[in-house]
1. Could you check, for the range 153-171, whether at least one of its residues is crowded, with 16+ Cβ neighbours inside 10 Å and free of Cβ contacts under 8 Å to residues at least 24 places away in the same chain?
2. Where the second residue is open to solvent by less than 50 Å² (accessible area, probe 1.4 Å) and in a helix (DSSP H, G or I) and the first is closer than 16 Å to Ile301 by Cα and of a type in the set (Phe, Trp, Tyr) and lies in the range 241-255, which pairs have Cβ atoms under 8 Å and are six or more apart or on separate chains?
3. If I go through the range 392-428 residue by residue, how many of them are over 60 Å from the mean Cα position of the chain (by Cα), surrounded by fewer than 11 Cβ atoms within 10 Å (Cβ to Cβ) and either within 27 Å of Ile456 (Cβ to Cβ) or among the β-branched types (Val, Ile, Thr) (or both)?
4. Checking Leu204 against (1) touching a Phe, Trp or Tyr at 6+ places or on another chain (Cβ under 9 Å); (2) at pLDDT below 75; (3) open to solvent by 30 Å² or more (accessible area, probe 1.4 Å), only one condition comes out false. Which one?
5. Could you give me the residue pairs with C-beta distances under 6 Å whose first residue belongs to the range 498-515 and is farther than 14 Å from Asp484 by Cα and touching a residue at least 24 places away in the same chain (Cβ under 8 Å), whose second residue is assigned to a loop (DSSP other than H, G, I, E, B) and open to solvent by less than 50 Å² (accessible area, probe 1.4 Å) wherever it lies, and which are 6+ apart or on separate chains?
6. If Pro552 meets every condition in (1) modelled with pLDDT of 85 or more; (2) part of a loop (DSSP other than H, G, I, E, B); (3) surrounded by 15 or more Cβ atoms within 10 Å (Cβ to Cβ) apart from one, which number is that one?
7. Which one of these is at pLDDT below 75, in a helix (DSSP H, G or I) and surrounded by 21 or more Cβ atoms within 10 Å (Cβ to Cβ): Leu294, Leu251?
8. When Glu359 is evaluated against the numbered criteria (1) in contact with a Pro (Cβ under 8 Å, 6 or more places away or on another chain); (2) open to solvent by less than 100 Å² (accessible area, probe 1.4 Å); (3) over 30 Å from Gly447 (Cβ atoms); (4) modelled with pLDDT of 70 or more, which criterion, by number, is the only one it fails?
Amino acid sequence: MPQPKFTWRSLCVRLGSNLALALMYYVLADLSRTLASTPKSVTPVWPPDGLAVAATLIYGNWLLPGVCLGSFLANVGAFWNPQGWVLFLTSLLGVCGIAVGTTLGTWLGVWLLRRAVRQRYPLNRVGDSIKFLTYAGLVGPIVNATIGVAMLGFTQKVPWSAYQSVWLTWWISNVAGIFILTPVLLSWHHWLQSSQLAIVGKNLPSQVGNWLVLSREKAVEAIVLGGFIFAIGKAAFWGNQPFAYMLVPLLTWAAFRFGQPGATLAMFLIAAIAILGTVRGLGTFAGADLNYSLMGLQSFIVVVVFTTLTLVAVLSERVQAEAKLRLAFSELQRSNDALEHRTEELAGKNQQLEQTLQELGHTQAQMIQSEKMSALGNLVAGVAHEINNPVAFLKGNIQPALTYINDLFGLIDRYQQEYPHPTPVIEAEVEDIDLAFLREDLPKLMGSMSEGVERIKDISTSLRTFSRADTDHSTLYNLHDGIDSTLLILKHRLKANETRLEIAVIKQYRALPLVDCYAGQINQVLTNILSNAIDALDEVATQTQAGLTENPGCITITTSVMDDQWVQIAIADDGPGIPEPIQAQIFEPFFTTKPVGVGTGMGMSISYQIVVEKHGGQLKCVSTDGVGTTFIIQLPIQQPVPVNHLQSCEVSRSHHTKA
């Protein structure tokens, strides 16, 4: 296949695009500079940077020369000084420095954003929107402002004593320009691209008509929304009425009804109305100094933009999820319609479809539960990690501290031997500090501290054991460590409360071998069963006026080995028990005996799937109504090898034999 060759046409297109971008940058800069109170100085409103960031994000870094040229043209008139060669070269260097700073800031913000979002469209996800506002909107302008204000000081346009205030004004102006203009350009370009509107083609009129002609209801709604924005914006920013934050619901309206293009366009219109009113000394943010007025106004606009972009991203994620869900249900519906035309296969196909729907719901609930457990595991792992460092520091320093204390006590003894008759001042000090008691109690105090550090270390180890993450394969795991770490996590629920005494936990451990399993999922099963046992005992305490004062409740955990091939964990409680008709349903998805809003009915179902389907074990429930409940977990010590793995091993062995 022939490689693409360089053409003069492509060079001309790129050159023309850079010149067009430079011209648009210059026009925007000229319009923006008219809004500042001090012409040829720093303006608090600078949308050309928003144009530069949007163009670079959409088309690539090959437009950066156009950004540099546009910045040079935008500032050359304000900083040009032809009076003498020195002033001429100084002003030329300052303008070039500002252009280079603008280009570097734009490149840095775009590069960081592309790297963070991995070339994705940055406004479709909440995390990507925050990264866009952070990298492109906040970090990139730092370079621009730093170099630009330095050039102002170098050319003596601004005194160095005002560097900080001018830098802040410059940075806020660039941030505001990017926040206001870039989302508009990105969202409309993305909308046109996703709508598959061809720039050239025979069907251009019909395509434009299909996408740009709104229905009558939509057009009326857009007109009403625009009227509200204009009326409230004019009242707030031109009429000095406290209605500025009433524009937030209108932005929400635009986001819900017109998507990203509508929301970003509404933001742009609000910003334009607000800026035009403020520069005329009108509105809530108007003050004696126009630059400071616009800085306050842009702070409000930044907050509105941040909130609106976050909302738009959430709605976009929701729309994508709904589209996938509608597609899935549409496919299921078509399958169901096809099944209705069959006679003998109707019952079997329908049952299979219902089972698929149940599995989808089950899988969704399991994913939610897994995410909760994963979040809990991450939190616990982080806490354990943060505890570990100071604990190691304390443990490593207690023994040296005790040695130093003994050395000091030895020195005091030597002083008392050499100088048996101290002065009255020393005798009074000895009595005040009670030296004898201090010598007796201080080593005990250090011993208590050492025991406390050891206890914290044990807790940290248990937390790290509980938060052990699953991998794509099973690992050897100490089940006793999993039980102990789970009990530590649930320890706050075992303590006494206003309705009952502390729940006793009896451990009857037998020696167990390391079990080949998925540790995190087994911890999830243990958590579900122990939580249900605690809930059962709490229910008895609530229903009994005595509050289990005579019998505080007990949970017994027994472990054993079965036939050298299996291990068994039995978790028994002396709660109210489970009625026999209900026992057959406890492992079904969405079945729960708890009140609405308390339980999801997925805990035991997920536990059954983990033990039986994932590990090839057994999960049983033995309960007597009014006596208590025992859950029995049986796991194979070694996980069975998958068939496809055995086949791959046989194939590999045959290859080695032939070799």
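1. yes
2. Phe243/Ile232; Phe243/Ala235; Phe243/Ala236
3. Within the range 392-428, residues that are over 60 Å from the mean Cα position of the chain (by Cα), surrounded by fewer than 11 Cβ atoms within 10 Å (Cβ to Cβ) and either within 27 Å of Ile456 (Cβ to Cβ) or among the β-branched types (Val, Ile, Thr) (or both) number 2.
4. Condition not satisfied by Leu204: (1).
5. Thr499/Gly547; Arg500/Gly547; Arg500/Leu548; Leu501/Pro552; Ile503/Gly553; Pro513/Ile637; Val515/Ile637
6. (1)
7. Just one listed residue meets the conditions, Leu294.
8. Status for Glu359: all satisfied but (1).
The values are calculated or read from the model by the stated rules, or taken from the named source; none is laboratory data. Fair warning: this is a prediction, and the values are worked out from it, not measured in the lab. Neighbour counts are summed over all protein chains in view; Cβ atoms, including those assigned to glycine, are modelled from backbone coordinates with ideal geometry. Note: accessible area is taken over every heavy atom of the protein model, side chains too, but ligands, DNA and RNA are not part of it. Shrake-Rupley method; radii C 1.70, N 1.55, O 1.52, S 1.80 Å.
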